[in-house]
1. Under the condition of being β-branched (Val, Ile, Thr) and under 30 Å from GLN316 (Cβ atoms), which residue from the stretch 16-66 is farthest from the chain's Cα centre (by Cα)?
2. If I go through the stretch 4-53 residue by residue, how many of them are modelled with pLDDT of 95 or more, of a type in the set (D, E, K, R) and surrounded by fewer than 16 Cβ atoms within 10 Å (Cβ to Cβ)?
3. Output the residues belonging to the stretch 216-226 that are closer than 30 Å to ALA187 by Cα, outside any loop (DSSP other than H, G, I, E, B) and free of Cβ contacts under 8 Å to residues at least 60 places away in the same chain.
4. Identify, please: which residue in the stretch 146-164 is at pLDDT 90 or above and part of a loop (DSSP other than H, G, I, E, B) and is, among those, surrounded by the most Cβ atoms within 10 Å (Cβ to Cβ)?
5. Is it the case that the stretch 184-193 has a residue that's surrounded by 15 or more Cβ atoms within 10 Å (Cβ to Cβ), in contact with a strand residue (DSSP E or B) (Cβ under 8 Å, 6 or more places away or on another chain) and in a loop (DSSP other than H, G, I, E, B)?
6. Specify which of the listed residues (GLU199, GLU213) is free of Cβ contacts under 8 Å to residues at least 60 places away in the same chain and within 20 Å of the chain's Cα centre (by Cα).
7. Of all residues being without any contact (Cβ under 8 Å) to a residue 60 or more places away in the chain and of a type in the set (Phe, Trp, Tyr) in the stretch 233-271, which is farthest from PHE194 (Cα to Cα)? Just the residue, please.
8. Pick from the stretch 317-341 the residues that are more than 26 Å from the chain's Cα centre (by Cα) and among the small types (Gly, Ala, Ser): which of them is farthest from VAL46 (Cα to Cα)?
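The values are calculated or read from the model by the stated rules, or taken from the named source; none is laboratory data. Predicted, not measured: the structure shown is a model, and the values here were computed from it. Methodologically, a virtual Cβ is constructed for each residue, glycine included, from the backbone with ideal geometry; neighbour enumeration extends over all protein chains shown.
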Amino acid sequence: MMKLGIIGLPGSGKTTIFSALTRRSIHDSGKEKDLVATLPVPDARVDRLTVLFKPKKTVFARVEFLLPGKQQSSKPSKAEQSLWARIRECDALIHVIRNFSQSGFGEPTAYEDFSKLHQDLLLADLMVVEKRIERLELDHRRGKKMDLAEYELLKECLRNLENEIPLRKIKEILEAPSLKGYSLISAKPMLLLFNNDDEVENLPDIPGLTSEETCMAIRGKLEAELAQMEPEEAKEFLAEFNIRSSAMDRVIQKSFELLGLISFFTVVHGEVRAWPVKKDTAALDAAGEVHTDMKRGFIRAEVVSYSDLIDSGSYQEAKKQGMVRLEGKDYTVQDGDIINFRFNI
């Protein structure tokens, strides 16, 4: 399940965005607690496969949105550490940036707001990295063997953080297995979500920010109101305000792209199910996502692309036309593949 953490400065409209994404109405009293919503990932292909196969059960991929609540603590540092601890559990971050005018906050200062939270993220990672480096050096002085590869990677992290470079920009750091356990915040994929006024559709033009980061614009207040409407009623307003799809659909799609995710499907035992995996996943590893026994006893994968299946009209017809292929464990799973794993244990 993909887990997305929502962050932003006070007044950026994080709660409004959470409401727009999850279709939940949030009262002020709820802001003290973590807000969590787990939702199915909309996928028209799953809907179409359900019509085609008429399964007893349909299972969509799932996404969880987390908006950490305000932390109550006599020590601000403790509250902040608790906030970052929960954010570190997420797969990607949605950084909400105020781009609307509001009484008490004045005109939006999007770049400055981004920079302030950016510095907080870097500092949180810097503290983790420095502490680990100190520990490794202390153990080394005590005669313990040091993992030099991990140590050098941490020093590289330190250099980048001190130069205010988020670790998500450094490919070798992102791909290093020895750093995965640290869950460094600035290494997580990030979507900048500009929370616009109702009348403003487009991204602000901020050189060095909108050109360098993955960005989206959302009319948070408007889309939160639309999210509370019945689907048929909302359709009229979506068209009127030139909104092609819901905020949830757009953010999830962009988050899949950020994380490099695709979906394959299984149709077995009366169930149609979507499985999100990383791009370039081998068939053997995809089988392991379904069940560890499938990976352990993998024989081959029976594969048909979604488009070929739909064009042929049925699985049986796709077989007749030679569209169903047998692939080995090294086959690279493609987005939209329908796969039947053959295995024996």
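1. The selected residue is VAL51.
2. 2
3. Listed by number, the list holds a single entry, MET216.
4. Checked the stretch 146-164; the qualifying residue surrounded by the most Cβ atoms within 10 Å (Cβ to Cβ) is GLU164.
5. Kept after step one, since they are surrounded by 15 or more Cβ atoms within 10 Å (Cβ to Cβ), are these residues of the stretch 184-193: 184-193.
Next cut, in contact with a strand residue (DSSP E or B) (Cβ under 8 Å, 6 or more places away or on another chain) only: 185, 188-193.
When the remaining residues are screened for being in a loop (DSSP other than H, G, I, E, B), the result is 188-189.
Yes; the residues of the stretch 184-193 include at least one that is surrounded by 15 or more Cβ atoms within 10 Å (Cβ to Cβ), in contact with a strand residue (DSSP E or B) (Cβ under 8 Å, 6 or more places away or on another chain) and in a loop (DSSP other than H, G, I, E, B).
6. Only one candidate passes the filter, namely GLU213.
7. Only one residue tops the list, namely PHE237.
8. Step one: of the stretch 317-341, the residues more than 26 Å from the chain's Cα centre (by Cα) are 317-330, 340-341.
Filter once more, keeping what is among the small types (Gly, Ala, Ser): 318, 322, 328.
On the way: ALA318: 18, GLY322: 23, GLY328: 25 Å.
Among residues in the stretch 317-341 that are more than 26 Å from the chain's Cα centre (by Cα) and among the small types (Gly, Ala, Ser), the one farthest from VAL46 (Cα to Cα) is GLY328.
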